[in-house]
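Okay, so here's the structure we're looking at.
The values are calculated or read from the model by the stated rules, or taken from the named source; none is laboratory data. What you are looking at is a predicted structure, and each value in this text was computed from that prediction instead of being measured. With ideal geometry, Cβ positions are generated from the backbone for all residues, glycine too; neighbour counts draw on all protein chains shown. Surface areas here come from the heavy atoms of the whole protein model, side chains and all, with no ligands, DNA or RNA. Shrake-Rupley method; radii C 1.70, N 1.55, O 1.52, S 1.80 Å.
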Amino acid sequence: MRSIDFWWRMIRPHTLSASFIPVFVGTALAMQESGRLRDFILLAMLAASVLIQIAANLLNEYFDFHSGLDTQASIGIGGTIVHDGLSPSFVLRTAFVCLGLAVLLGLYLAWSTSWWLLLVGALCVLIAFLYAGGPLPLSRTPFGEIFAGGTMGAGITCIAYYVQLGKLTTHVLWVAFPIFILIGLILTANNLRDRVGDQKGGRRTLVILLGHRKSVIFIACGLALAYLWTFVLLGAGHKWVILLPWLSAWRVRKVIGGFFRENQSPAEMMPAMAQMSKLNRDYGSYLALALIVESFLP
């Protein structure tokens with residue numbers, strides 16, 4: 001039996017807000033429009049989304065280890081291979097078990113809504129694999145933010161909305177847009193912390209192309225757009241509570257301030273990375289809450 005601390009590092013629950021926040025936002029919007037909640041659908045959707053991210057985390061650790069990017073000196077990874085001496089094959093098998101369970105849940109969701117959902121689910125599973133594996137892993141290109149934000153952010157939000165209502169509207173894309181930005185920026189912050197090591201390892205991520213200072217400006221502009229977008233939603237007909245995500249804006253200073261100084265070690269940038277993840281969690285939670293509260297307002 002492994003220790004709880006071991007499983008914590010392997011699964012990385014502190015990173016999973018990127019999987020459950022989009023589910024909550026999409027479900028909250030559907031509840032606002034329909035006035036009902038399909039609770040078993042929500043639980044299946046939530047579990048499938050979390051399992052896909054856990055699998056992506058494990059695949060990323062497995063392939064980074066085999067490519068030589070992860071060593072005992074690495075900071076911020078799960079560390080079960082390089083620090084705990086865990087067999088890489090066990091990490092890979094666990095990832096495929098998670099993907100298999102997600103597929104089973106996807107079958108249930110498709111049976112409950114539409115079999116077309118299987119195609120969408122298969123695409124999500126494929127991207128989860130290609131993000132870290134394949135001949136050209138998406139995580140090693142300048143387009144990682146688009147795929148991460150598009151799949152885990154906008155994509156999961158839209159799927160969560162669809163499985164509740166059985167339809168899609170353009171409005172859900174408007175609501176999902178800031179989630180797309182924030183989840184993409186989690187990857188930007190992660191890559192900024194690992195920029196020097198990734199560059200030596202041959203990666204060509206966005207932050208490597210931009211450099212440290214421009215990457216911090218990129219993060220700042222993305223965060224500004226996410227918060228200003230709440231006013232776009234306000235102008236689109238939402239009530240004043242849609243501005244609730246601004247209650248999380250105090251974390252922006254911690255994120256930008258933590259990354260601002262150049263030539264920091266990865267360990268020194270870890271607090272800013274953690275704040276970026278918490279900002280996504282808080283912003284998304286307030287947005288979901290706002291959508292629910294809005295349905296009770298006159």
- Which members of the stretch 282-298 meet the condition of being open to solvent by 30 Å² or more (accessible area, probe 1.4 Å) and either modelled with pLDDT under 95 or aliphatic (A, V, I, L, M) (or both)? LEU289, ILE292, VAL293, SER295, PHE296, LEU297, PRO298
- Item | Of all residues making up the stretch 239-285, the number that are within 17 Å of LEU225 (Cβ to Cβ) and either hydroxyl-bearing (Ser, Thr, Tyr) or in a loop (DSSP other than H, G, I, E, B) (or both) | 3
- Among the numbered conditions (1) open to solvent by 10 Å² or more (accessible area, probe 1.4 Å); (2) over 16 Å from VAL120 (Cβ atoms); (3) modelled with pLDDT of 90 or more, tell me where ASP198 comes up short. (3)
- Can you tell me which residues in the stretch 202-216 are assigned to a helix (DSSP H, G or I), over 12 Å from GLY144 (Cβ atoms) and not basic (Lys, Arg)? LEU210, HIS212, SER215, VAL216
- Message: Against the definition (at pLDDT below 90 and either buried (at least 17 other Cβ atoms within 10 Å of the Cβ) or in a helix (DSSP H, G or I) (or both)), how does ALA55 come out, yes or no?
- Response: yes
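Every residue, every condition in (1) touching a residue at least 12 places away in the same chain (Cβ under 8 Å); (2) surrounded by 19 or more Cβ atoms within 10 Å (Cβ to Cβ); (3) over 20 Å from the mean Cα position of the chain (by Cα), yes or no:
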| position | (1), (2), (3) |
| --- | --- |
| LEU192 | yes, yes, no |
| THR205 | yes, yes, no |
| LYS214 | no, no, yes |
| ILE217 | no, no, yes |
| ALA226 | yes, yes, no |
| LEU244 | yes, yes, yes |
| GLN264 | no, no, yes |
